[in-house]
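Input: a single structure, listed below in structure tokens.
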Amino acid sequence: MAMSDEGQSERLEQLIGALRDDNEALRDHAIASLSQLGEEAIGPLIGLMADEDVLIREAATVAVVRMGPSVVDRLIEAIEDGDWAIREQAASGLGKLKDPRGVDPLVKALKDKDGAVRTAAVWALERIGDPRAVPGLVEALTDGTVREDVARVLKKIGDARAVDALIDGLLGNNWMVRRHAAEALGKIGDVRGIDPLIESLRDEDWLVRRNAAESLARLGAKQAIDPLLPLLEDENTMVQETVEGVLASLGWKQAAQ
């Protein structure tokens, strides 16, 4: 039995060494084999998530993720590790597994001191798509490092609890956040978004103007017809074309003007 344990340990070392090989096929084989070793390999693989080579870190995460839902608890532990790289990879792994048990630890990670960890947590929460993350994501909209990604995730989840924060983002100074917020408010379908969206028809960014127009159509906001009319001559032809369709959907007829 001791010989068998020793042989298993040696195989583990060989496979971990193969992760550093230049041969991609060999690395892939090592990842697949490590994922089949189960419990014995988890600890060493989590340790490799702190490797200075990002490819090794990511390969270790892939191998752990391939073990399936049984590793979720270990990744939840790892997301509080003292090493930022392990926390980042643990967050990424939880996102790849899409397990709802990861939501609360990932929301907590949105406040991590390291920006890379916060970014990975946002990405993971996007993959999981659980509405329980909305309050934490709303709070993260004030984080300059991740707010653009957060706005995109809130847009995907489409939860009304995000409306006030999205309105703030729509009227803020980050053009990417404004783009996502303008689209999200239409998707969520809350009438609180109508007035801010009308205001955003004058935004300096053409895609914000277009997204705002489309969202007003989704909201059936007939009060937006007059503010939309000047955009028929917008400097951007895509805005012009979108607004023509939006006005038609709101019941405006050019011949009647």
Net charge near PRO100, counting Lys/Arg +1 and Asp/Glu -1 over other residues with Cβ under 12 Å of its Cβ? +1
Taking all protein chains in place and a 1.4 Å probe, what share, in percent, of the accessible surface of the chain do carbon and sulfur account for? 48 percent
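Would you mind putting 210-217, 154-161 in packing order, based on average other-beta-carbon counts within 10 Å, highest first? Kindly include the intermediate steps, with their values, before the conclusion.
On the way: 210-217: 26.4, 154-161: 18.1.
Packing proxy ranking, top to bottom: 210-217, 154-161.
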Could you work out how far apart the two model spin labels at GLN36 and ARG127 are, taking each label as a point 7 Å from the Cα in the direction of the beta carbon, and quote it in nm? 2.3 nm
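Could you pull out the pairs from LYS96/LYS187; LYS113/LYS156; LYS156/LYS222; LYS98/LYS155; LYS156/LYS253 whose alpha carbons sit more than 23 Å apart here? Please report the intermediate quantities before stating the final value.
Details: LYS96/LYS187 26 Å; LYS113/LYS156 26 Å; LYS156/LYS222 26 Å; LYS98/LYS155 18 Å; LYS156/LYS253 33 Å.
Correct reply: LYS96/LYS187; LYS113/LYS156; LYS156/LYS222; LYS156/LYS253.
What number comes out for the charge environment of LYS155, summing +1 per Lys or Arg and -1 per Asp or Glu over other residues with Cβ under 9 Å away? Numbers along the way, then the final one.
On the way: positive: ARG152, LYS156, LYS187; negative: GLU183.
In short, +2.
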How long is region 64-205 along each principal axis, judged by its Cα atoms, biggest number first, in Å? 50, 25, 20
Output the 0 to 90 degree angle, nearest 10, between the alpha-carbon long axis of helix 237-249 and the longest principal axis computed from the alpha carbons of the chain. 70 degrees
Could you give the spread of the C-alpha atoms of region 85-148 along their three principal axes, from largest to smallest, in whole angstroms? 27, 27, 16
Take GLU241 and GLU52, extend 7 Å from each Cα along the Cα→Cβ direction, and tell me the distance between the two endpoints in nm. 5.2 nm
Expressed as an acute angle from 0 to 90° and rounded to the nearest 10, what is the orientation of the C-alpha long axis of helix 84-97 relative to the principal long axis of the chain? 70 degrees
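Just to confirm a number: summing +1 for Lys and Arg and -1 for Asp and Glu over residues other than ALA50 whose beta-carbon lies under 12 angstrom from that of ALA50, what do you get? Display every interim value, and only then the final one.
On the way: positive: ARG57, ARG87; negative: ASP51, GLU52, ASP53, ASP81, ASP83, GLU88.
Local charge sum for ALA50: -4.
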Scan [x] 1, 7, 13, 13, 12, 10, 9, 8, 7, 6, 5, 3, 2, 1, 1, 0, 0, 0, 0; [y] 1, 7, 15, 19, 21, 17, 12, 6, 2, 1, 0; [z] 1, 5, 9, 11, 11, 9, 9, 8, 6, 6, 6, 5, 4, 3, 3, 2, 1, 1, 0, 0, 0 for the value of P(r) over Cα pairs in 5 Å bins from 0, in percent calculated from this model and give just the label. [x]
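Compute the FRET efficiency between GLU13 and GLU80 as 1/(1 + (r/R0)^6), taking r as their Cβ-Cβ distance and R0 = 35 Å, and round to the nearest 0.05. Don't skip to the end; give the middle numbers.
On the way: r = 27 Å, r/R0 = 0.78.
The value I calculate is 0.80.
Looking at the calculated P(r) for region 1-145, what percent of the C-alpha pair distances fall above 24 Å? Don't skip to the end; give the middle numbers.
Working: 3431 of 10440 pairs.
Considering region 1-145, 33 percent of its Cα-Cα pairs are separated by more than 24 Å.
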Pairing the Cα long axis of helix 24-37 with the longest principal axis of the chain, what angle in degrees results, from 0 to 90 and rounded to the nearest 10? 70 degrees
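For the chain, what is the mean residue ellipticity at 222 nm derived from helices alone (per DSSP H run of n ≥ 4: -39500 (n - 2.57); sum divided by total residues; nearest 500 deg cm²/dmol)? Mind showing how you got there, number by number?
On the way: 16 runs with 172 residues, N = 257.
Mean residue ellipticity, 222 nm, calculated: -20000 deg cm²/dmol.
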Report the rotationally averaged projected area of region 151-192 based on its alpha-carbon convex hull, in square nanometres. 2.3 nm²
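The values are calculated or read from the model by the stated rules, or taken from the named source; none is laboratory data. Computed from a predicted structure; not experimentally measured. All Cβ positions, even for glycine, are placed from backbone atoms using ideal geometry, and neighbour counts span all protein chains on display. Remember, those area values only see protein heavy atoms, side chains included, never the ligands or the DNA or RNA. Shrake-Rupley method; radii C 1.70, N 1.55, O 1.52, S 1.80 Å.
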